[in-house]
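What follows is a single structure, written as C-alpha coordinates, with notes after it.
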(Lines give C-alpha, C1' and ligand atoms only; values in the text may rest on other atoms or scores of the structure.)
Protein backbone atom coordinates (compact mmCIF):
# COMPACT_ATOMS: atom_id res chain seq x y z
CA UNK A 1 0.00 0.00 0.00
CA UNK A 2 1.48 3.28 -1.14
CA UNK A 3 0.39 6.04 1.22
CA UNK A 4 1.82 8.65 -1.13
CA UNK A 5 -0.59 7.74 -3.93
CA UNK A 6 -3.49 10.26 -4.10
CA UNK A 7 -6.05 7.56 -4.95
CA UNK A 8 -4.95 5.42 -1.99
CA UNK A 9 -5.19 8.45 0.30
CA UNK A 10 -8.69 9.17 -1.01
CA UNK A 11 -9.81 5.57 -0.43
CA UNK A 12 -8.39 5.51 3.09
CA UNK A 13 -10.07 8.80 3.94
CA UNK A 14 -13.44 7.65 2.59
CA UNK A 15 -13.17 4.38 4.49
CA UNK A 16 -12.08 5.68 7.91
CA UNK A 17 -13.03 9.36 8.22
CA UNK A 18 -16.53 8.84 9.64
CA UNK A 19 -15.38 6.35 12.27
CA UNK A 20 -12.48 8.53 13.37
CA UNK A 21 -14.72 11.58 13.54
CA UNK A 22 -17.28 9.67 15.65
CA UNK A 23 -14.53 8.42 17.95
CA UNK A 24 -13.04 11.91 18.39
CA UNK A 25 -16.47 13.47 18.88
CA UNK A 26 -17.33 11.04 21.64
CA UNK A 27 -14.01 11.56 23.40
CA UNK A 28 -13.80 15.34 23.25
CA UNK A 29 -17.55 16.02 23.16
CA UNK A 30 -17.34 18.89 20.72
CA UNK A 31 -18.27 18.74 17.04
CA UNK A 32 -15.81 21.39 15.88
CA UNK A 33 -12.90 19.95 17.84
CA UNK A 34 -13.71 16.50 16.47
CA UNK A 35 -13.52 17.93 12.94
CA UNK A 36 -10.16 19.52 13.79
CA UNK A 37 -8.88 16.24 15.20
CA UNK A 38 -10.09 14.35 12.13
CA UNK A 39 -8.27 16.75 9.81
CA UNK A 40 -5.12 16.72 11.92
CA UNK A 41 -5.19 12.90 12.08
CA UNK A 42 -5.08 12.60 8.30
CA UNK A 43 -2.59 15.44 7.92
CA UNK A 44 -0.21 13.75 10.35
CA UNK A 45 -0.77 10.33 8.88
CA UNK A 46 -0.02 11.33 5.33
CA UNK A 47 2.79 13.73 6.15
CA UNK A 48 4.45 10.91 8.11
CA UNK A 49 3.60 8.04 5.79
CA UNK A 50 7.13 6.67 6.20
CA UNK A 51 6.33 5.77 9.82
CA UNK A 52 3.62 3.35 8.69
CA UNK A 53 4.88 -0.23 8.84
CA UNK A 54 3.87 -2.29 5.83
CA UNK A 55 1.70 -5.18 6.91
CA UNK A 56 0.17 -3.22 9.80
CA UNK A 57 -3.47 -2.19 9.74
CA UNK A 58 -4.11 1.34 8.56
CA UNK A 59 -7.14 1.64 10.86
CA UNK A 60 -5.06 0.91 13.96
CA UNK A 61 -2.45 3.45 12.90
CA UNK A 62 -5.08 6.15 12.23
CA UNK A 63 -7.04 5.51 15.44
CA UNK A 64 -3.81 5.68 17.42
CA UNK A 65 -3.00 9.08 15.92
CA UNK A 66 -6.57 10.27 16.63
CA UNK A 67 -6.45 8.94 20.18
CA UNK A 68 -3.21 10.83 20.89
CA UNK A 69 -4.68 14.03 19.44
CA UNK A 70 -7.80 13.61 21.59
CA UNK A 71 -5.71 13.07 24.69
CA UNK A 72 -3.63 16.16 23.89
CA UNK A 73 -6.82 18.17 23.49
CA UNK A 74 -8.34 16.84 26.72
CA UNK A 75 -5.19 17.54 28.72
CA UNK A 76 -5.11 21.15 27.63
CA UNK A 77 -6.45 23.22 30.56
CA UNK A 78 -8.48 25.48 28.24
CA UNK A 79 -10.24 22.52 26.65
CA UNK A 80 -12.21 20.90 29.42
CA UNK A 81 -14.14 18.04 27.86
CA UNK A 82 -17.86 18.11 27.27
CA UNK A 83 -19.25 14.77 26.15
CA UNK A 84 -22.44 15.05 24.19
CA UNK A 85 -24.82 12.33 25.18
CA UNK A 86 -27.63 13.31 22.85
CA UNK A 87 -25.94 14.31 19.60
CA UNK A 88 -25.58 11.70 16.91
CA UNK A 89 -22.42 11.63 14.86
CA UNK A 90 -22.45 11.24 11.12
CA UNK A 91 -25.33 11.09 8.73
CA UNK A 92 -26.88 8.65 6.33
CA UNK A 93 -27.35 4.97 6.95
CA UNK A 94 -24.19 4.43 8.98
CA UNK A 95 -25.14 6.53 12.02
CA UNK A 96 -23.55 5.56 15.32
CA UNK A 97 -25.70 5.57 18.43
CA UNK A 98 -25.22 8.33 20.95
CA UNK A 99 -24.62 7.17 24.51
CA UNK A 100 -28.01 8.52 25.54
CA UNK A 101 -29.60 6.24 22.93
CA UNK A 102 -28.45 3.33 25.06
CA UNK A 103 -30.63 4.54 27.91
CA UNK A 104 -33.82 2.65 28.60
CA UNK A 105 -37.17 3.60 27.05
CA UNK A 106 -37.39 7.10 25.61
CA UNK A 107 -39.32 9.69 27.58
CA UNK A 108 -42.77 10.52 26.27
CA UNK A 109 -44.13 13.24 28.55
CA UNK A 110 -42.59 16.65 29.23
CA UNK A 111 -42.01 15.66 32.86
CA UNK A 112 -40.28 12.47 31.79
CA UNK A 113 -38.33 14.43 29.17
CA UNK A 114 -37.06 16.83 31.81
CA UNK A 115 -36.06 13.88 33.99
CA UNK A 116 -34.24 12.37 31.01
CA UNK A 117 -32.31 15.58 30.36
CA UNK A 118 -31.27 15.68 34.00
CA UNK A 119 -30.25 12.02 33.83
CA UNK A 120 -28.17 12.71 30.70
CA UNK A 121 -26.44 15.58 32.49
CA UNK A 122 -25.68 13.35 35.46
CA UNK A 123 -24.33 10.59 33.20
CA UNK A 124 -22.17 13.17 31.42
CA UNK A 125 -20.73 14.33 34.73
CA UNK A 126 -19.97 10.74 35.69
CA UNK A 127 -18.19 10.09 32.39
CA UNK A 128 -16.04 13.18 32.87
CA UNK A 129 -14.78 11.74 36.18
CA UNK A 130 -13.14 8.85 34.32
CA UNK A 131 -9.53 9.06 33.19
CA UNK A 132 -8.90 9.70 29.50
CA UNK A 133 -7.97 6.04 29.03
CA UNK A 134 -11.06 4.77 30.84
CA UNK A 135 -13.34 7.10 28.88
CA UNK A 136 -11.70 5.99 25.62
CA UNK A 137 -12.25 2.33 26.50
CA UNK A 138 -15.89 2.99 27.47
CA UNK A 139 -16.55 4.86 24.22
CA UNK A 140 -14.88 2.26 22.02
CA UNK A 141 -16.29 -0.80 23.77
CA UNK A 142 -19.74 0.26 24.99
CA UNK A 143 -20.69 2.98 22.52
CA UNK A 144 -18.94 1.93 19.33
CA UNK A 145 -19.29 -1.76 20.13
CA UNK A 146 -15.72 -2.73 19.30
CA UNK A 147 -14.33 -6.04 20.50
CA UNK A 148 -11.71 -6.06 23.26
CA UNK A 149 -8.97 -6.99 20.82
CA UNK A 150 -9.93 -4.08 18.52
CA UNK A 151 -9.89 -1.60 21.39
CA UNK A 152 -6.58 -3.04 22.56
CA UNK A 153 -5.05 -2.70 19.11
CA UNK A 154 -6.32 0.88 18.72
CA UNK A 155 -4.90 1.89 22.08
CA UNK A 156 -1.68 -0.11 21.98
CA UNK A 157 -2.69 -2.19 24.98
CA UNK A 158 -3.34 -5.85 25.67
CA UNK A 159 -6.90 -7.19 25.65
CA UNK A 160 -6.51 -8.01 29.33
CA UNK A 161 -5.51 -4.42 30.12
CA UNK A 162 -8.57 -3.16 28.23
CA UNK A 163 -10.80 -5.57 30.16
CA UNK A 164 -9.33 -4.38 33.47
CA UNK A 165 -9.68 -0.75 32.45
CA UNK A 166 -13.32 -1.30 31.49
CA UNK A 167 -13.98 -3.08 34.78
CA UNK A 168 -12.48 -0.15 36.73
CA UNK A 169 -14.46 2.34 34.62
CA UNK A 170 -17.70 0.47 35.28
CA UNK A 171 -16.96 0.40 39.01
CA UNK A 172 -16.25 4.14 39.02
CA UNK A 173 -19.39 4.83 37.00
CA UNK A 174 -21.49 2.71 39.38
CA UNK A 175 -20.15 4.65 42.40
CA UNK A 176 -20.60 7.94 40.59
CA UNK A 177 -24.15 7.02 39.53
CA UNK A 178 -24.97 6.03 43.11
CA UNK A 179 -23.76 9.42 44.40
CA UNK A 180 -26.05 11.05 41.85
CA UNK A 181 -29.05 8.90 42.76
CA UNK A 182 -28.92 6.83 39.57
CA UNK A 183 -28.91 3.07 39.24
CA UNK A 184 -26.60 1.74 36.51
CA UNK A 185 -29.33 -0.55 35.17
CA UNK A 186 -31.53 2.55 34.66
CA UNK A 187 -28.87 4.28 32.60
CA UNK A 188 -27.11 1.75 30.39
CA UNK A 189 -28.47 -1.32 28.71
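The values are calculated or read from the model by the stated rules, or taken from the named source; none is laboratory data. Just so it is clear, the model here is predicted, and its values are computed rather than measured. Cβ sites come from the backbone with ideal geometry, for glycine too, and all protein chains shown count toward neighbours.
Determine, yes or no, whether residue 188 is under 30 Å from residue 64 (Cβ atoms), over 15 Å from the mean Cα position of the chain (by Cα), modelled with pLDDT of 85 or more and surrounded by 13 or more Cβ atoms within 10 Å (Cβ to Cβ).
Values: under 30 Å from residue 64 (Cβ atoms): yes; over 15 Å from the mean Cα position of the chain (by Cα): yes; modelled with pLDDT of 85 or more: no; surrounded by 13 or more Cβ atoms within 10 Å (Cβ to Cβ): yes.
No; evaluated as a whole, the condition is false for this residue.
A quick yes/no check of all residues on (1) over 21 Å from residue 145 (Cα atoms); (2) modelled with pLDDT under 85; (3) assigned by TED's automatic domain parsing to the domain that holds residue 143:
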position	(1), (2), (3)
2	yes, yes, no
5	yes, yes, no
13	yes, no, no
20	no, no, no
28	no, yes, no
35	yes, no, no
39	yes, no, no
42	yes, no, no
46	yes, yes, no
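If you scan the stretch 110-139, which residues turn out to be assigned to a helix (DSSP H, G or I) and modelled with pLDDT of 85 or more?
In the first step, residues of the stretch 110-139 are kept if they are assigned to a helix (DSSP H, G or I); the result is 110-128, 132-139.
Of everything in the stretch 110-139, those that are assigned to a helix (DSSP H, G or I) and modelled with pLDDT of 85 or more turn out to be 132, 133, 134, 135, 136, 137, 138.
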*Restricting attention to the stretch 79-100, does a residue exist that is touching a strand residue (DSSP E or B) at 6+ places or on another chain (Cβ under 7 Å), under 20 Å from residue 123 (Cα atoms), at pLDDT 75 or above and surrounded by 11 or more Cβ atoms within 10 Å (Cβ to Cβ)?*
no
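Which residues, taken from the stretch 140-159, are outside any helix (DSSP H, G or I) and either in contact with a strand residue (DSSP E or B) (Cβ under 6 Å, 6 or more places away or on another chain) or touching a residue at least 24 places away in the same chain (Cβ under 8 Å) (or both)?
Filtering the stretch 140-159 down to residues outside any helix (DSSP H, G or I) leaves 144-147, 156-158.
Of everything in the stretch 140-159, those that are outside any helix (DSSP H, G or I) and either in contact with a strand residue (DSSP E or B) (Cβ under 6 Å, 6 or more places away or on another chain) or touching a residue at least 24 places away in the same chain (Cβ under 8 Å) (or both) turn out to be 144, 156.
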*Of all residues in the stretch 6-62, count the ones that are outside any helix (DSSP H, G or I) and more than 16 Å from the chain's Cα centre (by Cα).*
7
